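The values are calculated or read from the model by the stated rules, or taken from the named source; none is laboratory data. All figures in this text were calculated on a predicted structure; none of them were measured in a lab. Don't worry about glycine lacking a Cβ; one is built from the backbone with ideal geometry, like all the others, and counts go over all protein chains shown.
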Amino acid sequence: MATSTAGFSNPLQSASTSVTKDVYGAAFDSTEDIYSAVLKMTNTGEDGKVTLPDGTELDMNTLTGLTTFSVYLQFLQAYKEIIDNVFVFVKNLENKLENMLSS
C-alpha cells in the first residue's frame, strides 16, 4: 500500500525541489539528511565553513556557527522523528488491514 505524503516534503528544501513520495521514501530520506549534515560538519576543512541546503554558510569556528548548526541538527532530528512515527503508524495500519482481510 503506497501512502502519499504530499505534506511530508522536507521543509529545508525549496518548494521547487520537493518531490511527493511515499512514507517509506520519506523515512529513508530523513535519515539520509541527518547523516549528510553530520558528514558536512566533519568535512569543514581548514576554513571551518559549512553550507546548509538553503545556501546559508556557517563558520564552525564561531559560537554562532556551532549554535546554528546544532539547532539545524535538532530540527532534522525532530523532522525524522515525525516521519518515523508516521511510518510506524502506517505499518501498523497495513498489518491491521491485512489481518481484517484475511479473517
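Pick from the stretch 4-21 the residues that are surrounded by fewer than 16 Cβ atoms within 10 Å (Cβ to Cβ) and closer than 22 Å to PHE89 by Cα: which of them is modelled with the highest pLDDT?
The qualifying residue modelled with the highest pLDDT is THR20.
Name the pairs whose Cβ atoms lie under 8 Å apart, with the first residue in the stretch 46-75 and at positive phi, the second part of a loop (DSSP other than H, G, I, E, B), and 6 or more positions between them or separate chains?
Between residues of the stretch 46-75 that are at positive phi and residues that are part of a loop (DSSP other than H, G, I, E, B), the close pairs are GLY48/MET60; GLY48/ASN61.
Does LEU52 fit the bill of being farther than 27 Å from GLY25 by Cα and aliphatic (A, V, I, L, M)? Please lay out each step first, then the result.
Numbers: farther than 27 Å from GLY25 by Cα: no; aliphatic (A, V, I, L, M): yes.
So LEU52 fails the test.
Can you report the number of residues in the stretch 53-68 which are over 17 Å from THR42 (Cβ atoms) and among the small types (Gly, Ala, Ser)?
1
Just to be sure I understand the filter: pairs with C-beta atoms under 7 Å, separated by 6 or more residues or on different chains, first member in the stretch 78-103 and closer than 20 Å to GLY25 by Cβ, second member of a type in the set (A, V, I, L, M) and part of a helix (DSSP H, G or I). Which pairs pass?
LYS80/ILE34; ILE83/ALA26; ILE83/ALA27; ASP84/ALA27; VAL86/VAL23; PHE87/VAL23; PHE87/ALA27; VAL90/VAL23
Out of LYS49, LYS40, LYS80, which single residue is surrounded by 12 or more Cβ atoms within 10 Å (Cβ to Cβ), among the basic types (Lys, Arg) and touching a helix residue (DSSP H, G or I) at 6+ places or on another chain (Cβ under 6 Å)?
Sole residue among the options that is surrounded by 12 or more Cβ atoms within 10 Å (Cβ to Cβ), among the basic types (Lys, Arg) and touching a helix residue (DSSP H, G or I) at 6+ places or on another chain (Cβ under 6 Å): LYS80.
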